[in-house]
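Written below as C-alpha cells is the structure these notes are about.
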Amino acid sequence: MFGAGRHTDEHAARQPATEVAQIQGGGLVLVVVTETSPLSYCIFLNNRAVPQENVESLSVAVEVSDAGDPVVRATLSSYVTTVAGERSLQHKELFPCTIEMIARERRLVVSCEDLNSIDTVWIALGLHPDGAGRKISGAKGLRILLTNELLDAKVTWVDGDAEDLLPPL
C-alpha cells in the first residue's frame with residue numbers, strides 16, 4: 001500500500017487532505033487549445049470557465065531587459081457585461097499564479113510567486129510520464145500571446161536566440 005508506515009504520531013500531526021489540496025495564492029490558470037484551425041480554446045481561472053467569446057487576449061511576458069530590469073506580467077483581457085447590458089473590456093492581472101497551457105501536443109507551465117522579482121519565476125516545458133515538466137534555465141525571456149486569431153509562444157535565450165515553443169499551424 002502506498003504511504004505505508006504513516007501512522008501513530010505522523011497521522012495525528014498531518015493536515016486534512018482537503019486543506020493540502022486547496023489552491024493557494026493567485027491560483028491556477030489553465031489554458032487548453034482544442035483546435036488550431038479555427039482557433040478554439042478553453043480558459044479556466046481556478047474553478048471558473050472564461051468563455052472564449054468573452055476573451056480578447058491572454059498575454060504573458062517574463063523577461064529581463066539588457067539593463068537588467070525585469071518584466072513579470074500576465075494579463076487576461078476579457079469582456080464583461082455591465083448592469084446596463086453593455087460589454088466592457090476588463091484587464092485582470094494574473095500573477096502571482098501558475099499558468100498551464102496545453103496546445104499542439106505541447107505543455108508550457110509558468111509559475112510566479114512575486115510580481116516584483118524574476119527570481120520567483122519557474123518555467124517548465126513538456127510532460128514526462130512522471131507528471132513533471134523540464135524546468136528551463138538560461139532563458140532571458142518568455143512571451144505568450146493568445147487571441148481569437150493568434151497563438152504564439154516564444155522563448156529567448158541569454159545568447160539572444162529566440163525559439164518558437166509551439167509548432168507552426
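Throughout, read-outs are computed from the coordinates displayed, never taken from laboratory work. Source: prediction; values computed, not measured. Backbone-built Cβ (ideal geometry, glycine too); neighbour counts: all protein chains shown.
So, in nm, how far is label residue 149 from label residue 75 when the simple model puts each one 7 Å beyond its Cα toward the Cβ?
2.0
Using modelled amide H (1.01 Å from N, peptide plane; none on Pro or chain starts), what sits under 5 Å from the amide H of residue 56, excluding residues fewer than 5 places away?
For residue 56, whose amide H was placed from the backbone, the distant partners under 5 Å are 77, 78, 79.
Positive end of the charge dipole of the stretch 9-145 (Lys, Arg +1 and Asp, Glu -1 on Cβ, about the Cα centre): tell me which of 129, 52, 28 has its Cα farthest that way.
Checking the options against the dipole of the stretch 9-145, the answer is 52.
Using a 10 angstrom Cβ neighbour count of at most 12 plus a DSSP loop assignment to flag exposed trypsin sites (Lys or Arg not before Pro), which longest range of the chain is free of such sites?
Excluding the exposed sites themselves, the longest stretch runs over 15-169.
Checking a compactness column here: for the stretch 116-169, what do you get for Rg(Cα) / (2.2 N^0.38 Å), N being the number of residues? Working shown, then result.
Details: Rg = 12.8 Å, N = 54, 2.2 N^0.38 = 10.0 Å.
Working it through for the stretch 116-169, the quotient is 1.27.
Considering the alpha-carbon set of the stretch 58-97 alone, what are its Rg and its Dmax in angstrom?
Answer for the stretch 58-97, Rg first and Dmax second: 14.6, 47 Å.
Using only alpha carbon positions, build the gyration tensor of the chain, then give the equivalent ellipsoid semi-axes as the square roots of 5 times its eigenvalues, largest first, whole angstrom.
Over the Cα atoms of the chain, the semi-axes work out to 30, 23, 18 Å.
By the scheme Lys and Arg +1, Asp and Glu -1, what is the net charge of all other residues having a beta-carbon under 14 Å from that of residue 57?
-2
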